[in-house]
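Trainee: This is the structure, below, for whatever I ask next.
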Amino acid sequence: MFRPLAISAIVLVFFKSSIQINRDQIFHAPLNGDGSVSLNWILDYSKKTITFEVHIPSLYGWFALGFSERGHYFPADYCLLWKDLKKRTHFDDTWSDTRSIIHVDKKQDCQKFRIKHVKNVTKFTFERQFDTCDFEDYVIKEGTTHVVWSRGADPLYKLSGLNITSPGDDKGMVRVQLLKNTNTILKLPSYVNVLDIVADKVEIPSEETTYWCHVHKLNQEFTNKHHVYRYEAHISDTSEGLVHHMEVFHCEAPPDQEIPLYVGKCFANDRPEETQVCKRVLAAWAMGAPPFTYPEEAGLPLGGADFNPYVMLEVHYNNPELKSGFVDSSGIRFYVSPRLKQMDAGVIELGLEYTDKMAIPPGQESFQLTGYCVSECTAVSLPPEGITIFGSQLHTHLAGIKVHTRHVRDGIEMMELNRDDHYSTHFQEIRKLKKPVKVLPGDALITQCDYNTEERENVTLGGFAITDEMCVNYVHYFPATDLEVCKSAISDQALNSYFNYMKQWENQNTSFRQGISDNYKAIRWNKMRVQLLTDVYKEAPLSMQCNMSSGDRFPGYWENTPVTPVLKPLPPPPRTC
């Protein structure tokens, strides 16, 4: 009934017969709810190519697989399989314009096409460069890719002029990370045990988006400390295409505090308040993600005398076809052992404080906020030999569209820690870095988030609610240290000066008698006031959280800390065009 999704269980006819590749490096993602339309792919980083194999039902007139910036069907870049009136098969590189009309690309970059029919399934494969250097083509980058597809039942007289938008369930969109980390360690020692944190026979609602929560209590054996060696998805076969992403949270409370064993919608009004402490991420999986294996040197600690035994599973069901009658018992499978590794892995929160001191004006196509982990903090908190970051989970709420973390040493920008130019809060996973990053005392880490608020009528504030915003990168590293939070906000003095300027020079209803939220909401936003706020954020000194796991701050004065200068920025990645 269940299977991990790291290794596809589907017979991949072309990969298996014509390409010599480790089966563990074949990645798979269902494209619709019942999995009858699916995508499989392999990577060749030396040639910077990706080979796709698509499975669809054989009754089709045309089928288009493509990529778009935010998951829209147009404009988008498509590779399109179609039959003409004489039932001859064609395969073309195409693109859809802003009216959803298909055009055949002058430069054909959907290459090495092959097709095969197996019973009632059509399987076709093709190859594509990450970057084709064609203006009409989508550039496949690190991070999230929005994969779109559409199909029609009838053959075509000609391809140009086709309307790509099909009615009903004849189209779809999924988010995947195409450029996977292929350097994964899958072999585990014989002494690890399986711990399943799964849902229990959830009747998936016939709603497009559902977040389902299930609180579990760990067994008595976890009064002793364990290490997590690896975790992976454990998906019900019948609901594979509906489980979009999952997270397991630890309930941060005293070890003897009981947490209600809540089962239900995560945002329901009757969810017990006591479960709100279940918010420290232990594992995060998103559709198409391989198993997450910890380094040989370190494991994630789980359990122990001071560890509250409650954890909470959150499953995001994505059901745009509004299917009903599906029962799901998916979750996360942990591989754990009381035999501990050499050291503990830890997690540090980078980015912005969860506070209304940071705000995003309404009507913005792209507005950037920046959170700092300044060199003064890492200098007093990290060991002399530094730490090694091996994983990263980027996080915003609904308005976030892009996130990346920069690494600065002595004013010189190093390679980026992580980047997702097509970020979506509905697709969150802990991603293992392709190359671990060494961070030394005195280094700075700068996390930048871009937001879109074009459909919002008032300011969006920082905070915990899903309609508020966050800008965070949870970095996973070893050896674990006392540093748990290294985040910033604009200083109180600078923010008060901005509100005072709005009152005196812009005649806005801001006042020192009002709170921060009320002052932001009192501003009638225009381009100049938005630009002024942008400039203030860039130049104002910081209020820093340089905090230990106990919640105490490291010694130092953390108010009015200067913004970290980047004297030599990293140049943009070169293109071979």
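Trainee: Sort the range 267-344 into rounded, prolate or oblate with this rule: let a ≥ b ≥ c be the square roots of the eigenvalues of the Cα gyration tensor; rounded if a/c is under 1.5, and if a/c is not under 1.5, prolate when a/b is larger than b/c, oblate otherwise.
Mentor: The shape class here is oblate.
Trainee: Based on alpha-carbon centroids, what's the gap between the range 262-317 and the range 479-534 in Å, whole number please?
Mentor: If we compute the Cα centre of each part, the gap is 33 Å.
Trainee: Students often forget the sequence filter, so: which aspartates and glutamates lie under 19 Å Cα-Cα from LYS201 once same-chain residues fewer than 8 apart are removed?
Mentor: Straight-distance partners of LYS201: ASP34, ASP237, GLU240, GLU247, GLU314, ASP328.
Trainee: Considering only protein heavy atoms, what per residue accessible area in square angstrom results for the chain with a 1.4 angstrom probe?
Mentor: Accessible surface, normalised per residue, equals 44 Å².
Trainee: Let me ask something else about it. Going Cα to Cα from LYS438, which aspartates and glutamates come in below 18 Å? Please leave out same-chain ones fewer than 8 positions away.
Mentor: GLU296, GLU297, ASP344, GLU349, GLU376, GLU385, ASP410, GLU413, GLU416, ASP482, GLU484
Trainee: Arranged from highest to lowest average of other beta-carbon atoms within 10 Å per residue, in what order do the peptides 515-523, 568-576, 82-90, 118-126 appear?
Mentor: 515-523, 118-126, 82-90, 568-576
Trainee: From the C-alpha gyration tensor of the range 215-289, pull out the three semi-axes of the equivalent ellipsoid (sqrt of 5λ each), sorted largest to smallest, in whole Å.
Mentor: 23, 19, 11
Trainee: Treating each Cα of the range 42-113 as an identical point scatterer and ignoring solvent, apply the Debye formula and state log10 I(q)/I(0) at q = 0.18 Å⁻¹.
Mentor: -0.83
Trainee: Would you mind calculating the gained length between TYR191 and GLU385 on full extension (0.36 nm times residue separation, minus the Cα-Cα distance), in nm to one decimal?
Mentor: 66.7 nm
Trainee: Next question, about the same structure. Would you compute, from DSSP H runs of 4+ residues alone, the mean residue ellipticity of the chain at 222 nm, taking -39500 (n - 2.57) per run and dividing by the full residue count, rounded to the nearest 500?
Mentor: Helix contribution divided over all residues of the chain: -2500 deg cm²/dmol.
Trainee: Test of the criteria: in the range 384-425, which GluC sites (Glu not before Pro) are in a DSSP loop and have at most 12 other Cβ atoms within 10 angstrom of their Cβ?
Mentor: GLU385
Trainee: Can you give the local net charge around MET470? Use residues other than it whose beta-carbon is closer than 15 angstrom to its beta-carbon, Lys and Arg +1, Asp and Glu -1.
Mentor: Summing Lys/Arg as +1 and Asp/Glu as -1 gives -3.
Trainee: Now, a different point. Treating cross-link reach as a plain straight distance, find the lysines whose alpha-carbon is under 25 Å from the alpha-carbon of LYS521, omitting any fewer than eight places away in the same chain.
Mentor: LYS357, LYS402, LYS487, LYS503, LYS538
Trainee: What's the carbon and sulfur percent of the chain's accessible surface, probe 1.4 angstrom, rounded to a whole number?
Mentor: Whole-percent figure for carbon plus sulfur exposure: 51.
Trainee: Still on this structure: By how many nm would the segment from LEU261 to VAL566 grow when fully extended, if each residue of separation counts as 0.36 nm and the alpha-carbon distance is taken off?
Mentor: Gain in length upon complete extension: 105.0 nm.
Trainee: Set the bar at 28 Å for Cα to Cα. Now go through LYS106/LYS527; LYS141/LYS568; LYS87/LYS119; LYS86/LYS123 and name every pair that lies beyond it.
Mentor: LYS106/LYS527
Trainee: By how many degrees, 0 to 90 and rounded to 10, does the Cα axis of helix 492-506 deviate from the longest principal axis of the chain?
Mentor: Between the helix axis and the principal axis of the chain, the angle is about 80 degrees.
The values are calculated or read from the model by the stated rules, or taken from the named source; none is laboratory data. Remember, predicted model here, so these are calculated numbers, not experimental data. No Cβ is skipped: glycine too gets one built from the backbone with ideal geometry, and neighbour counts run over all protein chains shown. Just so you know, the surface numbers come from the protein's heavy atoms only, side chains and all, with ligands and any DNA or RNA stripped out. Shrake-Rupley method; radii C 1.70, N 1.55, O 1.52, S 1.80 Å.
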